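The values are calculated or read from the model by the stated rules, or taken from the named source; none is laboratory data. All values derive from a computational prediction rather than experimental measurement. When we count neighbours, we look across all protein chains shown, and the Cβ atoms used for this are built from the backbone with ideal geometry, even at glycine. In case anyone asks, the SASA skips ligands and DNA or RNA and just uses the protein heavy atoms, side chains included. Shrake-Rupley method; radii C 1.70, N 1.55, O 1.52, S 1.80 Å.
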Amino acid sequence: MDPPAPSFLVELLHSVPHINITLHRVNDTFNPSSPVYVESLGILASIPAALLIISLVFLLLYLLTRCCDRKPRKPKSHGCQKCTLIFFAVVCCAAIGLGLYGNDDLHNGMLQIFGSGRKIEQLILNVRNQTEMVKHNLKSKVVLSELESKFEQPPQHYNQTAQYLLQDTVKMVKDNTTLAINALETVVYLTRPSYSDITLKSLLDSFEFYEELRWPATLGFLTFLLVLCIILVIGATRSSRCALIFFSVCGLLAVTVCWLLSGIYLASAVALGDFCMKPNDYICSQQKLKDVQYTYCSSVGTNRYVLRLNESKDYVDRAKESLETVTRIAMDLYPRFELSSKINRLNGELDDSKRQLIALSAMADRRTVMEHYADATRGLCEAGLLGLTLMLLASLVSAAILSLLVCVDSHTWIYLTKKRPYEDKSETTPLFPASTATASPSAPISSGTMTVNRTLLHAQITTGNGTTAGGASGAGLIASSGRNGTAHGLRGLASYSGDESPPPDYNVVVHDNRASGHHTLGRLPSQHSYVAGPNNGKYATLSKQCKTLESNDFY
């Protein structure tokens, strides 16, 4: 039975150029023991690694430019970025779903390989066990039988020649049976591997262990990518800085892993395509894998198992013929002895052994084993290779999209502020409202966002035994304030004692310039205007050199 023709996917992957470090084409025949072939696969795997380095450098340069750009952005300008994040996050989820499908296909293909391999392993084990059983029966029931002891007594019709012939024939039965047992021991020896051989069971155990780790690990990583995309969509729709920053950090790690996995998948897919072009050539070149050599690689008529089993069957046939001769001679020489039951038991044992040997020859035949090998090759080169190729495409697409998402996401959360910036409000309320003219001296006078402490004014009036606290009456007034608009101090405030009355031409005035958005402390337009208030207007007055307080002085 010839192996199936390679599929289009196998030919496509096999056609990928294999080059060495000097960029020269090398032999593309699957041979993992060749350093040159392994070097060509390593160069193929380095292509996604180079793309990883390029994407990381581009991301670094992009983030550096974003750090230098601190221009504020309007909230409406983030709408396009959020739509871009959501769209490509959905596309990335589709690519991840393709990877999940490919992972499941690859796992099913590997399970098909393990199932076929276990059938071949069980077949060889059955051949060995049944061969040992046939060998044990022939040795215990035929070779060790006491048939010749029955003919040691002189016959009733004495014939020395016939008696010698009978004894020689009995000996031939045992000798042929012994030769049949020796052939069966050879089969047992061939099916029992040595320490230097690679058994099919050991290979299957190793690959099953790695597959039990690979399948859930890949499934978990792809699920993690799906969760990241969902977090990104939620963060973009709700304008959550925390979610977007979390995606930027974890997305950078995901990009690195995706590019590295792409390199591994690319080298593995190309190597598997090379293997599936001529799988028989590589399998039969493994001399240490004797189970495969004796069952699959040997042609019809050269199978060592079948040859030794047929040889044992031939010796059993000769033993049966010799036993029939013994029966005829014994019935003539010893008619009174009960030899028929003894000879019939030996004859039945030889017949059973012959039937078992025929069944074992059919079981170990290459045409029977070929079906299991065909199933294993089909599972590897069809379902397995297709799943691996889908995982390669999904990993490449996911890595590219995640790189784009990290850039756009970083651009979004950098300009996404937690709260709106402080906006200055124009002060339309007078500094000293009329409703507070009769308030207590210790009460603060508030106007809009600016407050002047009247206690400070009163304290400066009464300091220094009737002398002015701020100096001469011509001293100027300077008001300093913080961003909360509270006046911290007044300098150059003129004050007088209680017996003296202030000049009528110095008063505190507030010009409410609503158009310019600031207050002005200065002189009244009229020289004879007085400020209404307690103590007959005996309040601290401001200097002639009064400073105009702009809104910038308070913010």
Backbone HN-Hα couplings from phi across region 116-130 [Karplus 6.51/-1.76/1.60, Hz, Gly and Pro as x]: 5, x, 5, 5, 5, 4, 5, 5, 5, 5, 5, 4, 5, 5, 5
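Go ahead and run the numbers for FRET between LEU64 and ILE19, Cβ-Cβ distance against an R0 of 25 Å, rounding to 0.05.
Working: r = 36 Å, r/R0 = 1.42.
Between LEU64 and ILE19 the formula returns 0.10.
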Accessible surface, 1.4 Å probe, highest first, among residues ARG238, ARG318, ARG118: ARG238, ARG318, ARG118
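What full-extension length gain, to one decimal in nm, is calculated for SER239 and SER140 as 0.36 nm per residue of separation minus the Cα-Cα distance?
Details: separation 99, 0.36 × 99 = 35.64 nm, distance 8.64 nm.
Difference between extended and current length: 27.0 nm.
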Pairwise centroid distance, computed over Cα atoms, of region 20-66 with region 258-294, Å: 20
FRET efficiency for ASP168 and SER202, using Cβ-Cβ distance with R0 set to 51 Å, rounded to 0.05: 0.55
Theoretical FRET efficiency, 1/(1+(r/R0)^6), r = Cβ-Cβ of ILE358 and ARG328, R0 30 Å, to 0.05: 0.70
Order of exposure, largest accessible area first, which applies to ASP28, ASP332 with probe 1.4 Å: ASP332, ASP28
Inter-probe distance in nm under a simple model that places probes 7 Å from Cα toward Cβ, at SER194 and ALA5: 4.3
Percentage relative contact order, region 218-309, counting C-alpha pairs under 8 Å, at least six apart: 13
Accessible area (Å², 1.4 Å probe, nearest 10) - MET363: 50
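Rolling a 1.4 Å sphere over the protein heavy atoms, what is the accessible area per residue of region 17-63, to the nearest Å²?
Working: 2940 Å² over 47 residues.
Accessible area per residue, region 17-63: 63 Å².
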Nonlocal amide H pairs with HIS18, under 5 Å, H built at 1.01 Å: VAL26
Long-range amide H partners of LEU289 with built H, under 5 Å: ILE198
Over 26 Å (Cα to Cα) - which of LYS139/LYS171; LYS288/LYS354; LYS201/LYS354; LYS174/LYS290; LYS135/LYS290; LYS139/LYS354 fall in this group: LYS288/LYS354; LYS201/LYS354; LYS174/LYS290
